[in-house]
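Participant: Provided herewith is a single structure, encoded as structure tokens, for subsequent inquiry.
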Amino acid sequence: MSENPVRLGYVGCGWVAQQLHIPNFAALPECELVALAEVRGDLGQRVAARYGIPKVYRSHEELAADPDIEAVGVSAPFSVQGRIAEDLLRAGKHVFMEKPMAVSIARGEAIVAAEREGNARLMVGYMKRYDPGNVLLKQHLDAWRAGGEMGRIVLARNHGFGGNWIYALDPNVPMESSTEPAPPAPNECPEWLPAEWHGSYEGYLQQWTHNINLLRYLLDDAAGQARVASVLLDADGMTGLTVLDIGGVRAVVESAYIGFHAWEEHTQVYFDGGWLRTQAPPLMHKELPATVEIYEAARDGRPPRYVQEVAPPGWSYREEVRHFVTCVRSGEPFRSSGTDTLNDVRLYEEIYRAFLGM
């Protein structure tokens with residue numbers, strides 16, 4: 001483990017960067033924010049001044065050329081952030097980027113190739129893997145699978161019906177705005193996807209990529225063996241059911257947007273002899289992890305057992321950047337690496353091909 005703080009640059013300072021990642025990186029003593037790149041010059045200057053960031057660039061290329069920077073965080077539109085990450089990785093910078101890693105397999109493969117070329121590493125911000133409640137559930141899940149007493153896994157499911165994703169947002173986090181418009185984002189959808197489906201495709205992967213990735217994490221799909229079994233979506237291309245085969249386990253993603261004041265999402269894994277469940281907290285609640293429920297059916301003369309376990313307090317968005325900085329300093333692998341995330345990108349395209357019958 002290096003004793004020196006990670007010298008971090010950040011690209012982009014829009015809503016997500018200002019509300020989540022820049023404050024969380026700035027709060028870590030193991031991290032030193034040394035540069036900011038933002039195409040809107042007035043915005044970049046104001047955010048840099050607020051957080052005491054000494055260098056401000058107008059482009060990520062300028063930041064990539066700075067030899068003092070060893071790692072970079074990226075927040076940009078879907079179709080732009082992959083290109084930015086690719087350039088930074090080739091320049092030898094370790095990169096933390098917002099999900100989705102890419103909108104197409106072609107871009108995802110180019111990003112992974114850039115990792116190899118630059119001898120750098122990519123972590124994708126799948127914050128659900130870092131929620132202390134989900135981490136606790138996985139510990140129980142791994143123990144049940146290893147022990148065998150609970151039998152086989154019958155079904156895994158994630159119910160993601162959304163709601164108000166900024167419920168519990170901290171009103172005290174300062175926000176800077178710009179008089180300059182952001183440049184238009186280019187289209188990066190797969191070439192085979194008809195143009196009329198681009199919006200729905202991006203909407204599906206923007207939201208439920210998290211849910212797919214979480215199921216893959218819980219079921220140990222590090223090798224990327226997950227495949228699409230069936231897709232039943234409504235005409236909006238988002239509402240419905242997607243069934244995956246993850247290592248021989250049937251895993252269902254229940255997707256919809258509903259009118260709910262907070263956040264409606266839970267994950268459950270059923271065994272022959274019991275189940276494990278987490279209820280996701282409001283995404284912006286800073287110290288509330290997912291709740292964990294454990295049920296064991298009666299067996300061997302013992303009565304049924306139902307308990308709720310309390311995970312350590314923690315905010316998934318804070319825990320993911322802490323993980324990134326820790327792994328950059330130690331050299332340990334990221335829990336949500338670029339190589340692993342490329343498997344999610346392949347699943348996006350497979351899901352939509354099945355939906356459209358292509």
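Participant: Can you find even one residue in region 113-120 that is closer than 21 Å to MET284 by Cβ, assigned to a loop (DSSP other than H, G, I, E, B) and not hydrophobic (A, V, I, L, M, F, W, C)? It would help to see each step written out before you state the result.
Facilitator: Step one: of region 113-120, the residues closer than 21 Å to MET284 by Cβ are none.
No; the residues of region 113-120 include none that is closer than 21 Å to MET284 by Cβ, assigned to a loop (DSSP other than H, G, I, E, B) and not hydrophobic (A, V, I, L, M, F, W, C).
Participant: Something else about it: Among what's in region 84-103 and is modelled with pLDDT of 95 or more and of a type outside the set (A, V, I, L, M), pick the residue that is surrounded by the most Cβ atoms within 10 Å (Cβ to Cβ).
Facilitator: Among those that are modelled with pLDDT of 95 or more and of a type outside the set (A, V, I, L, M), it is PHE96.
Participant: Of the residues that make up region 276-295, is at least one within 19 Å of VAL124 (Cα to Cα), crowded, with 18+ Cβ neighbours inside 10 Å and not basic (Lys, Arg)? Give the derivation first.
Facilitator: The initial filter retains those residues of region 276-295 that are within 19 Å of VAL124 (Cα to Cα), namely 283-284.
From what's left, crowded, with 18+ Cβ neighbours inside 10 Å: 283-284.
From what's left, not basic (Lys, Arg): 283-284.
Within region 276-295, one or more residues are within 19 Å of VAL124 (Cα to Cα), crowded, with 18+ Cβ neighbours inside 10 Å and not basic (Lys, Arg).
Participant: On to the next question. Considering only region 76-97, I want to know if a residue exists there that is assigned to a loop (DSSP other than H, G, I, E, B), of a type in the set (Ser, Thr, Tyr) and farther than 15 Å from SER337 by Cα.
Facilitator: Just the residues of region 76-97 that are assigned to a loop (DSSP other than H, G, I, E, B), to begin with: 76-77, 91-93.
Then drop every residue that is not of a type in the set (Ser, Thr, Tyr), which leaves none.
Within region 76-97, not a single residue is assigned to a loop (DSSP other than H, G, I, E, B), of a type in the set (Ser, Thr, Tyr) and farther than 15 Å from SER337 by Cα.
Participant: When you scan region 300-320, how many residues do you find that are surrounded by 15 or more Cβ atoms within 10 Å (Cβ to Cβ) and either part of a loop (DSSP other than H, G, I, E, B) or at pLDDT below 95 (or both)?
Facilitator: Result for region 300-320: 3.
Participant: Can you tell me which residue within region 219-241, out of those that are within 15 Å of ASN343 (Cβ to Cβ) and not acidic (Asp, Glu), is surrounded by the fewest Cβ atoms within 10 Å (Cβ to Cβ)? So that I can check it myself, show each step before the final result.
Facilitator: The first filter runs over region 219-241 and keeps only residues within 15 Å of ASN343 (Cβ to Cβ), leaving 219-228.
When the remaining residues are screened for being not acidic (Asp, Glu), the result is 219, 222-228.
Details: LEU219: 22, ALA222: 13, ALA223: 9, GLY224: 15, GLN225: 14, ALA226: 22, ARG227: 12, VAL228: 19.
Among those residues, the one meeting the criterion is ALA223.
Participant: Quick check on my filter: what residues within region 42-67 are assigned to a helix (DSSP H, G or I) and either in contact with a His (Cβ under 6 Å, 6 or more places away or on another chain) or small (Gly, Ala, Ser) (or both)?
Facilitator: Restricting attention to region 42-67, the residues satisfying the condition of being assigned to a helix (DSSP H, G or I) are 42-51, 60-64.
Those that are assigned to a helix (DSSP H, G or I) and either in contact with a His (Cβ under 6 Å, 6 or more places away or on another chain) or small (Gly, Ala, Ser) (or both): GLY44, ALA48, ALA49, ALA64.
Participant: Also, quick follow-up: Residue check: is ASN158 in a strand (DSSP E or B) and farther than 17 Å from VAL16 by Cα? Working first, answer last.
Facilitator: Details: in a strand (DSSP E or B): yes; farther than 17 Å from VAL16 by Cα: yes.
Spelling it out, ASN158 is indeed in a strand (DSSP E or B) and farther than 17 Å from VAL16 by Cα.
Participant: In region 321-357, how many residues are within 21 Å of VAL112 (Cα to Cα), of a type outside the set (Asp, Glu) and part of a loop (DSSP other than H, G, I, E, B)?
Facilitator: 5
Participant: Would you mind telling me which numbered condition in (1) in contact (Cβ under 8 Å) with a residue 24 or more places away in the chain; (2) under 19 Å from TYR348 (Cα atoms); (3) part of a loop (DSSP other than H, G, I, E, B); (4) among the aliphatic types (A, V, I, L, M) ALA223 fails?
Facilitator: Just one mismatch for ALA223, condition (1).
Participant: Can GLU117 be described as of a type in the set (D, E, K, R) and either in the same structural domain as GLN207 (by TED's automatic domain parsing) or within 19 Å of the chain's Cα centre (by Cα) (or both)? Give the derivation first.
Facilitator: Details: of a type in the set (D, E, K, R): yes; either in the same structural domain as GLN207 (by TED's automatic domain parsing) or within 19 Å of the chain's Cα centre (by Cα) (or both): no.
So GLU117 fails the test.
The values are calculated or read from the model by the stated rules, or taken from the named source; none is laboratory data. For clarity, every value in this text was computed on a predicted model and none was experimentally measured. Glycine also receives a Cβ, built like all others from the backbone with ideal geometry; neighbour counts cover every protein chain displayed.
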